[in-house]
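Chemist: Got a structure for you, questions after.
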Amino acid sequence: MGAEASIGVVGAGAWGTALAQALASDGTPVILWARETDVAHAIRTSGENPRFLPGVRLSPALSATDRLEDLAKAALWLVAVPAQHLGAVLAQAPLGHRPHLVLCAKGIEAGTGRLMTEVAEVQAPGCRLAVLSGPSFAADVAHGRPTAVTLAARSLADAETLARRLARPHLRPYLSDDPVGAQVGGAVKNVLAIACGIVVGADLGESARAALVARGFAEMTRFAVARGGRAATVAGLSGLGDLVLTCSSPRSRNMALGIALGQGRCVADALAGLPTVAEGVSTAPVLVAEARRLRVEMPIAEAVADLLQGRIGVSDAMARLLARPLRREDEG
């Protein structure tokens, strides 16, 4: 099969590499773009990505490049670069053939408050867009462990067509026509995972973590609805499912960051200890700004943002949350 039949994956971090491996596992040709020349070279020569996904033997159907032009004939791109780099990457990408873009980053653009589809609409006009989100650790996907995700497009027909191309025996997409709700879930859960990590690192107990997940989910739902998404979408894989995963395991970069903060490390030191990007750090302040613009109460997200920016400490954040006025649980 030639390049015309291939799938392009943009971004050779752990998540992009895992997606490329999953899609190439049945022999489908996949072209993986790496920003780093040495990463592309390592994949080509060793069949592994030792920097970002060590220990995973990659399919021979997966090829790697550091030239975006090599994806120019792929009709389907999965874009898995970090959220804050999406606009810059799409701006330099060869998109004249108008590929179908499946956006796999989870975040909100700093400075603009735009969701990833809104960024792509500006930088990739004319391309049909979809969103892939849900509870999915890269290592699980790469090793072929069962994973279910949300695949959201404006049209269910588009989502169904894409699902047929992306589904594998171990990777099951559920369809949605609510890309806004799917994106909000993926972005907000990163911020809440930092909060859960703080609870764990500070040894505040499992009861506190459970309460934070439940109240954080309420914040996520309020924000999604205010942003134009649906509560039912947030109650699915891309919202609640992803929230449960990232608030349950230190394999989550955002939760690992929170654990370090809860143990008393400063933000700079905690970030230096992470091998890759924790999207919640960039998302927290812009999420809070957007919530205020929409008049949505998000006290947990506000506490995380203030803590990351050094305005309060862990004990101050917990005291502030616990001192909030008593109210009905379903209020807001």
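The values are calculated or read from the model by the stated rules, or taken from the named source; none is laboratory data. No experiment lies behind these values; they were computed from the predicted model shown. Glycine also receives a Cβ, built like all others from the backbone with ideal geometry; neighbour counts cover every protein chain displayed. Note: areas computed on protein heavy atoms with side chains; ligands, DNA, RNA excluded. Shrake-Rupley method; radii C 1.70, N 1.55, O 1.52, S 1.80 Å.
Chemist: Would you confirm whether any residue within the range 278-290 is open to solvent by 30 Å² or more (accessible area, probe 1.4 Å) and free of Cβ contacts under 8 Å to residues at least 12 places away in the same chain?
Modeler: no
Chemist: Scan the strands (runs of 3 or more DSSP E) fully inside the range 62-150 and keep the ones with 1 or more residues being open to solvent by 10 Å² or more (accessible area, probe 1.4 Å), farther than 13 Å from residue 186 by Cβ and touching a residue at least 24 places away in the same chain (Cβ under 8 Å).
Modeler: Where strands (runs of 3 or more DSSP E) fall fully within the range 62-150 and carry at least 1 residues being open to solvent by 10 Å² or more (accessible area, probe 1.4 Å), farther than 13 Å from residue 186 by Cβ and touching a residue at least 24 places away in the same chain (Cβ under 8 Å), they are 62-65, 100-103, 129-133.
Chemist: Here is a list: 156, 162. Which entry is touching a His at 6+ places or on another chain (Cβ under 9 Å) and either open to solvent by less than 10 Å² (accessible area, probe 1.4 Å) or farther than 27 Å from residue 247 by Cβ (or both)?
Modeler: Only one candidate passes the filter, namely 162.
Chemist: Limited to the range 302-314, what total is found for residues that are over 15 Å from residue 257 (Cβ atoms) and in contact (Cβ under 8 Å) with a residue 12 or more places away in the chain?
Modeler: Count: 1.
Chemist: Also, quick follow-up: Can you tell me which residues in the range 259-296 are part of a loop (DSSP other than H, G, I, E, B) and over 20 Å from residue 106 (Cβ atoms)?
Modeler: Matches in the range 259-296: 263, 264, 265, 266, 273, 295.
Chemist: When the range 35-55 is examined, which residues are found to be part of a loop (DSSP other than H, G, I, E, B) and either among the polar types (S, T, N, Q) or surrounded by fewer than 21 Cβ atoms within 10 Å (Cβ to Cβ) (or both)?
Modeler: 35, 36, 47, 48, 50, 51, 54, 55
Chemist: Test each condition in (1) among the aliphatic types (A, V, I, L, M); (2) at pLDDT below 95; (3) within 26 Å of residue 175 (Cα to Cα) for residue 278 and report the one that comes out false.
Modeler: Of everything listed in (1) among the aliphatic types (A, V, I, L, M); (2) at pLDDT below 95; (3) within 26 Å of residue 175 (Cα to Cα), residue 278 misses just condition (3).
Chemist: Can you pull out the residues in the range 223-238 that are surrounded by fewer than 21 Cβ atoms within 10 Å (Cβ to Cβ) and either in a loop (DSSP other than H, G, I, E, B) or in contact (Cβ under 8 Å) with a residue 60 or more places away in the chain (or both)?
Modeler: Those that are surrounded by fewer than 21 Cβ atoms within 10 Å (Cβ to Cβ) and either in a loop (DSSP other than H, G, I, E, B) or in contact (Cβ under 8 Å) with a residue 60 or more places away in the chain (or both): 226, 227, 228, 230, 235.
Chemist: What tally of residues in the range 165-216 results from selecting those that are under 20 Å from residue 100 (Cβ atoms) and not in a strand (DSSP E or B)?
Modeler: 10
Chemist: Can you spot a residue in the range 198-217 that is open to solvent by 10 Å² or more (accessible area, probe 1.4 Å), in contact (Cβ under 8 Å) with a residue 60 or more places away in the chain, under 19 Å from residue 136 (Cα atoms) and of a type in the set (D, E, K, R)?
Modeler: no
Chemist: Confirm whether residue 159 is free of Cβ contacts under 8 Å to residues at least 60 places away in the same chain and either in contact with an Asp or Glu (Cβ under 7 Å, 6 or more places away or on another chain) or not in a loop (DSSP other than H, G, I, E, B) (or both).
Modeler: Judged against the criteria, residue 159 is a match.
Chemist: Across the range 45-73, what is the number of residues that are touching a strand residue (DSSP E or B) at 6+ places or on another chain (Cβ under 7 Å) and modelled with pLDDT under 95?
Modeler: So the answer is 0.
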